[in-house]
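The values are calculated or read from the model by the stated rules, or taken from the named source; none is laboratory data. Being a predicted model, the structure only gives us computed values, none of them experimental. Methodologically, a virtual Cβ is constructed for each residue, glycine included, from the backbone with ideal geometry; neighbour enumeration extends over all protein chains shown. Ligands, DNA and RNA are stripped out before the accessible areas are found, and what is left, the full protein with its side chains, is counted by its heavy atoms. Shrake-Rupley method; radii C 1.70, N 1.55, O 1.52, S 1.80 Å.
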Amino acid sequence: MNSARRQLEIVNAAFDCIAASGHLSLSTTELANKVGISQPAIFRHFRSKQQLHRAILDEANLRVIEELKLNIGRSEMWSNPINLLQDVVIQMGSSFERSPGVWLTLICQRSIAAEAELPVDEHVRKGNRCAITQCAYTLERLCNAAIENGQISHEAKSRDISNVIMSLIFGMGQLWLNNERDFALPQRLDVAVGGVMAGYAYPAQAGDMPISAIA
């Protein structure tokens, strides 16, 4: 197996380990066992633990950003930004269910970077390299579009709404993991975020919200 493919296999195994343990301390022995190689073999593909952790962080951010681009790329849905926002949140929930290790990595990337003793300027990805920043910015754009579309109050602050929704995604995702994944995360998020958006809707618009939003 060439080095690039083995590196990706190791990174995927790291996500599995993080999801299974629910914590961030990454044992290279456990990781090697997961991949089926020796511990020293890991460092034939990554020069150091810092490089390994950097690859894990980069891959987690890249995957979520690529999924986000696909979710918002349907231009026909921008005519109803509230519906698109709900759909984006549902897709984030589905992504969390499919790849909990990726999302836990994003939630706790400061801790992962600190554990690996990465340089301070690498503790958090910035701008278009940071999935959390991109998700929050997308939700903020959709809230602004909903305000302009008359779907929610002009007094609403889109950044505040975006922050609330991101907190719901992270908090409910961790609750889903702690409860042994015993509920459907996308549907639970749909109801929760729908309730948030209904609270900002004009009275005349509340009846037009998705059913889950006013349940």
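Brief remarks on what is shown
- Close Cβ contacts (under 8 Å, 6 or more residues apart or on different chains) running from residues in the range 26-48 that are over 17 Å from N12 (Cβ atoms) and touching a residue at least 40 places away in the same chain (Cβ under 8 Å) to residues that are in a loop (DSSP other than H, G, I, E, B) and open to solvent by less than 50 Å² (accessible area, probe 1.4 Å) are absent.
- Here G199, G171 are screened, and the one residue that is under 20 Å from N144 (Cβ atoms) and either touching a Ser or Thr at 6+ places or on another chain (Cβ under 6 Å) or free of Cβ contacts under 8 Å to residues at least 12 places away in the same chain (or both) is G199.
- Within the option set A13, A19, A41, being among the small types (G, A, S), closer than 20 Å to I107 by Cβ and at pLDDT 90 or above holds for one residue only, A13.
- Taken over the range 145-165, the residue count meeting the criterion of being free of Cβ contacts under 8 Å to residues at least 40 places away in the same chain, open to solvent by 10 Å² or more (accessible area, probe 1.4 Å) and either part of a helix (DSSP H, G or I) or closer than 30 Å to S21 by Cα (or both) is 7.
- Residues that are farther than 15 Å from M197 by Cβ, part of a loop (DSSP other than H, G, I, E, B) and not basic (K, R), drawn from the range 66-112: G73, S99, C108
- Qualifying residues in the range 25-38 (those that are not polar (S, T, N, Q) and not in a loop (DSSP other than H, G, I, E, B)) - the one most open to solvent (accessible area, probe 1.4 Å): K34
- Candidates A20, A41, A60 - the one that is among the aliphatic types (A, V, I, L, M), surrounded by 15 or more Cβ atoms within 10 Å (Cβ to Cβ) and in a helix (DSSP H, G or I): A60
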